[in-house]
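Heads up: the structure comes next, in structure tokens.
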Amino acid sequence: MVKPKKYLGQHFLHDKNIAKKIVGLICPANTIIEVGAGTGALSQLIYEQFNEKAFFYEIDKESMEFLKENVLIPEGQLFLQDFLSADLSSHLSPIHIVGNFPYNISSQLFFKILDHYSQIQQVICMVQKEVAQRIAAQHGSKTYGILSVFIQTFYDVKYHFQVNESAFIPPPKVKSAVIELVHKKELRLPCDENLFKKIVKTAFNQRRKILSNSLQTIVSKQLIPLEYASMRPEMLSVNDFLNLTEFFYQNNVR
């Protein structure tokens, strides 16, 4: 058996019922990618269901050898590689992502997904419960932030279920949750994407300040609409940020 490695943030899922529930949420696609295959709790079910359309990324050599010997996945579908550095253009779109995301890089994985939102149509992932809640949070919530806004701009988010510590080896010190991201039908933003990202990041980097103060590094206070000027960033919905971006862009803010 593979020994979990703390430096890789490995907590191997061993609950078969949870594994079946997760894989049951995956919709058919040209490419199914599992991130962090580990000891194959999900991999076996994914491969049985999707065969040659399934690909598996794992950074741990010991886990990779275990998958080759025990799950019997063809070598051409196994990648001993960090998914964060993967070239997704080598896979047919649409791509669906599934995985028990390592807690220590979950945010990075979501930003990787956002960088390829035009290719990635569905994501089924297990993450730390607090991260799942943050991604699914609505405006007005204290947990609503940069990742909430960016993901909800491109994806509809569904919080499916909680997973207790006992489902893993070794048990983590926190609870987990399974969430689903489904790509919104409208791919094009109604505003400049780079400016949108700049505004959201600038606002939330000083989230205790009202927008007339936090955004003054990129726009004059006088140009901020009165309806938003005295609001803190967590009070704005995704559409509010999109509308604000378009307003600034029309007024030559770049």
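I'd like the carbon and sulfur percentage of the solvent accessible area for the chain, probe radius 1.4 Å, heavy atoms only, ligands and nucleic acids excluded.
Working: 6310 of 12580 Å².
On the chain, the fraction of accessible area on carbon and sulfur atoms equals 50 percent.
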Taking the Cα centre of region 159-208 as the origin, how large is its charge dipole in debye, to the nearest 20, when only Lys and Arg (+1) and Asp and Glu (-1) carry charge on their Cβ atoms? 280 debye
Hypothetical label at Gln206: residues of region 225-242 whose amide nitrogen lies under 19 Å (7 Å Cα-Cβ projection): 225-236, 241
Solvent-accessible area per residue for the chain at a 1.4 Å probe radius, Å²? 50 Å²
Select from Ile169, Tyr7, Ala137 the residue farthest towards the positive end of the dipole of the chain; place +1 on Cβ of Lys and Arg, -1 on Cβ of Asp and Glu, and compute about the Cα centre. Ala137
Percent of beta bridges antiparallel (DSSP, the chain, rounded to nearest 5): 50 percent
I need to check one value: relative contact order of the chain, counting alpha carbon pairs closer than 8 Å and at least 6 residues apart, in percent. 17 percent
Residue (of Pro102, Leu215, Ala19) at the positive-pole extreme of the chain, dipole from beta-carbon charges: Leu215
Toy charge model, Lys and Arg Cβ at +1, Asp and Glu Cβ at -1: region 163-254 dipole around Cα centroid in debye, rounded to 20, equals 340 debye
What dipole magnitude, in Debye to the nearest 20, does region 1-98 give about its Cα centre under +1 on Lys/Arg Cβ and -1 on Asp/Glu Cβ? 360 debye
Here the FRET efficiency for Glu48 versus Ser107, based on Cβ atoms and R0 = 25 Å and rounded to 0.05, is 0.20
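The values are calculated or read from the model by the stated rules, or taken from the named source; none is laboratory data. Not measured: the values here are computed from a predicted model. Cβ sites come from the backbone with ideal geometry, for glycine too, and all protein chains shown count toward neighbours. Accessible surface areas use protein heavy atoms only, side chains included; no ligands, DNA or RNA. Shrake-Rupley method; radii C 1.70, N 1.55, O 1.52, S 1.80 Å.
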